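Taking it in order: structure first as structure tokens, then the write-up.
Bear in mind that the values in this text are calculations on the coordinates, not laboratory data. Worth saying up front: this structure is predicted, and the values here are computed from it rather than measured.
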Amino acid sequence: MLIRSIFQDGVNHTVSSRRVITFLAFILCAIAFIADLFWSHTVSQFMYENMTYLVMAGLGFIVAEKFSTKKD
């Protein structure tokens, strides 16, 4: 239940696809970083940067969602 509550939005408490996609992009970036660090498996720079931008944009939208007004 903890994982489900992390991915719920603040409006109607359903699983937010924005949060799921942001979390998956973060996991993929972390895997790419660890693979490059320990096993010297290089990831294309533009792919890594684009995934990083996706994570930053997703986190920005999630934060903006928290401060937006809620309509009943």
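Here are a few things to note about the model shown:
- Computed from backbone phi, the HN-Hα couplings of the range 30-40 come to 5, 5, 5, 5, 5, 5, 6, 6, 9, 10, 6 Hz, rounded to whole numbers (Karplus: 6.51 cos²θ - 1.76 cosθ + 1.60, θ = phi - 60°; Gly and Pro given as x).
- 5 angstrom amide H check on residue 8, placed H, neighbours 5+ away: 16
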